[in-house]
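The values are calculated or read from the model by the stated rules, or taken from the named source; none is laboratory data. All values derive from a computational prediction rather than experimental measurement. Methodologically, a virtual Cβ is constructed for each residue, glycine included, from the backbone with ideal geometry; neighbour enumeration extends over all protein chains shown.
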Amino acid sequence: MEELEEYVREILEDIRRRGLEALREYSERFDGYSGPFRVSEEEFEEAEELVPEEGRRVIEETMGRLWEYHARQFRDAELYIKRGSLYGIICRPIGRIGIYVPGGKPLPSTLMMVGVPARIAGVREIAVTTPPKEGKVNPYVLYVAKLLGIEEVYKLGGVQAVGAMAYGVGMRRVDKIFGPGNRFVNEAKRQVFGLVGIDSLAGPSEIAVIADGSADKDYVLADLLSQLEHGKDSRAWLLTTSRELAEYCSRDGIEVLLCRSLEECAEKANEIAPEHLEIITENPEELIDLIENAGAIYLGPYTPVPAADYFLGVNHVLPTGGAARFSGVLTVMDFMKPITLARVSREEFLTYRRLGMRMAEIEGMEAHRRSLEVRR
């Protein structure tokens, strides 16, 4: 861990210090790319031609479902009046964000899951970075960017992409960075936090399934294996009251816990705090109130994680590594800043200022007390 931390720190510091020169060197070393970073208008047009009509329809329909679900989360202001005074919260969008889209397998769904709520929130500027493959950005990713009105897409991956977004090298600096990545990207995000905001530090994919004897064993096994497909570090748990199901799903990579009751299954799930939690039982709704720690809860046999990953419209950017104990799913509000708003009437101020004056005395803040006292 210390080696990783030092390795990433050296790259970030070099980019901060030497700017574009360092960025080009790391891009050539790690991505094998030495051309212009920003995707050109011609490349956007070429990508659109490469995406078949059927693929466009799938992306457009999926984005429509995402938009419909997330639009309900938008909150502009919550205000109330009390004794002639105005109180509440107003919300303002983040001005400029960066989205990291991992390389390897193309992940247009990542850009959709982050870009759609960002646009609903009113984010004006979005910069996307993604590692190029043979000098190109995946055409599906570029098509999604076009639909979202994103003109800034950069052929940058890894630590150097995070450094470019955080320090404003080769682009204007962003205010907050979103998107998953490998351990190098995660560490880079951790180190630039404070200079810019970050969404979370995403780890390997996780799934836990609570199931009883009524569950179709092939459904359960398929769902568990689906998340192990993400990589060798992915984790899958089966929490079940059925010995038959436990034996059927005992495969490499799957941790099986045979429990005495569904209540015990729920307790174990809360201890794990999984990214995804499926409940495939006779009456799954009965367990909702028992679940305290989970990134997402999917009920019944027809709500598998892959459905949520792609077409349900819910967001698949979720806390991992037990972080569901203190954080949750990405929402529109992650792209907005709540700001306190207050306008206090003379009557209410004079009625309650004694509270503030006394608290200022308790804390030894004489200038604070005087600020309240002077308003007679």
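Observations
- In region 33-52, the residues that are in a helix (DSSP H, G or I) and among the charged types (D, E, K, R): Glu41, Glu42, Glu43, Glu45, Glu46, Glu48, Glu49
- Lone unmet requirement of (1) within 19 Å of the chain's Cα centre (by Cα); (2) buried (at least 23 other Cβ atoms within 10 Å of the Cβ); (3) not in a strand (DSSP E or B) for Arg190: (2)
- For region 132-159, filtered to residues that are assigned to a helix (DSSP H, G or I) and among the hydroxyl-bearing types (Ser, Thr, Tyr), the residue that is farthest from Gly64 (Cα to Cα) is Tyr140.
- Being surrounded by 14 or more Cβ atoms within 10 Å (Cβ to Cβ), in the same structural domain as Ala164 (by TED's automatic domain parsing) and at positive phi is a property that Gly55 lacks.
- Filter result for the condition that a residue is farther than 16 Å from Glu275 by Cβ, out of contact with any His (no Cβ under 7 Å at 6 or more places or on another chain) and of a type in the set (Val, Ile, Thr), over Val332, Val374, Val317: Val374
- Among the residues listed as Tyr298, Tyr352, the single one being part of a strand (DSSP E or B) and of a type in the set (Phe, Trp, Tyr): Tyr298
- Taking region 268-295 as the range and being among the hydrophobic types (A, V, I, L, M, F, W, C), assigned to a helix (DSSP H, G or I) and surrounded by fewer than 22 Cβ atoms within 10 Å (Cβ to Cβ) as the test, the residues that pass are Ile272, Leu287, Ile288, Leu290.
- Inclusion of Tyr7 among residues that are touching a Ser or Thr at 6+ places or on another chain (Cβ under 9 Å), in the same structural domain as Val137 (by TED's automatic domain parsing) and over 29 Å from Leu330 (Cα atoms) is not warranted.
- Residue match in region 91-99 (condition: part of a loop (DSSP other than H, G, I, E, B), touching a helix residue (DSSP H, G or I) at 6+ places or on another chain (Cβ under 8 Å), touching a residue at least 40 places away in the same chain (Cβ under 8 Å) and buried (at least 24 other Cβ atoms within 10 Å of the Cβ)): no
- Hits in region 42-101 (condition: of a type in the set (S, T, N, Q) and within 23 Å of the chain's Cα centre (by Cα)): Thr62, Gln73
- Filter result (within 26 Å of the chain's Cα centre (by Cα) and of a type in the set (Asp, Glu)) within region 14-41: Asp31
- All positions within region 304-344 that are polar (S, T, N, Q) and under 18 Å from Ala269 (Cα atoms): Thr320, Ser327
- Residues of region 123-132 include at least one that is in the same structural domain as Glu68 (by TED's automatic domain parsing) and more than 20 Å from the chain's Cα centre (by Cα).
- The residues of region 194-245 that are in a loop (DSSP other than H, G, I, E, B), aliphatic (A, V, I, L, M) and under 19 Å from the mean Cα position of the chain (by Cα), listed by number, are Leu195, Leu201, Ala202.
- Within this structure, Lys105 passes the test of being within 24 Å of the chain's Cα centre (by Cα) and either surrounded by fewer than 16 Cβ atoms within 10 Å (Cβ to Cβ) or not assigned by TED's automatic domain parsing to the domain that holds Glu134 (or both).
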